[in-house]
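These notes are about the structure you will find just below.
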Amino acid sequence: MYKFWGIAVLLFIVITYLLSKATIKENRTEAGERIWRYGNGRSTYWRVLSLCSFGITIVIMLIMHFSGIAIV
């Protein structure tokens, strides 16, 4: 069970890092500096990013499970 959670957490962190590197600059300029700094721009961005990363992690874990890769 520890192997499963270790893989899942590591995969989530890597996916979150890669998505943030790819999208943070574009989102920051699109939202505007004032909203990003003082408004809810950052919290909304990180909430959506973490939900997307969670979904991608679940899909990858399901693909690993159904393809026969032992993760437990």
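What do you get for the angle between helix 41-66 and the principal long axis of the chain? Use alpha-carbon atoms, 0 to 90 degrees, nearest ten.
Tilt of helix 41-66: around 20 degrees.
Quick check on the chain: take the gyration tensor over C-alpha atoms, sort the square-rooted eigenvalues as a ≥ b ≥ c, and tell me if it's rounded (a/c under 1.5), prolate or oblate.
It is prolate, given that a/c is not under 1.5 and a/b is the larger ratio.
Hey, what do the phi angles of segment 10-19 turn into as Karplus ³J(HN,Hα) couplings, whole Hz, using 6.51/-1.76/1.60 and θ = phi - 60°, x for Gly and Pro?
4, 5, 4, 5, 5, 5, 4, 4, 5, 5
Output the relative contact order of the chain, whole-number percent, from Cα pairs under 8 angstrom with separation of 6+ residues.
Over the chain, the number comes to 52 percent.
Suppose only helical runs count, i.e. DSSP H with n ≥ 4. What mean residue ellipticity at 222 nm does that imply for the chain under -39500 (n - 2.57) per run, divided by all residues and rounded to the nearest 500 deg cm²/dmol?
About -30000 deg cm²/dmol.
With a sphere of radius 12 Å drawn around the Cβ of SER20, what net charge do the other residues whose Cβ falls strictly inside it have (Lys, Arg +1; Asp, Glu -1)?
+3
Throughout, read-outs are computed from the coordinates displayed, never taken from laboratory work. Computed from a predicted structure; not experimentally measured. A quick note on method: Cβ atoms are made from the backbone with ideal geometry, for glycine too, and the neighbour counts reach across all protein chains shown.
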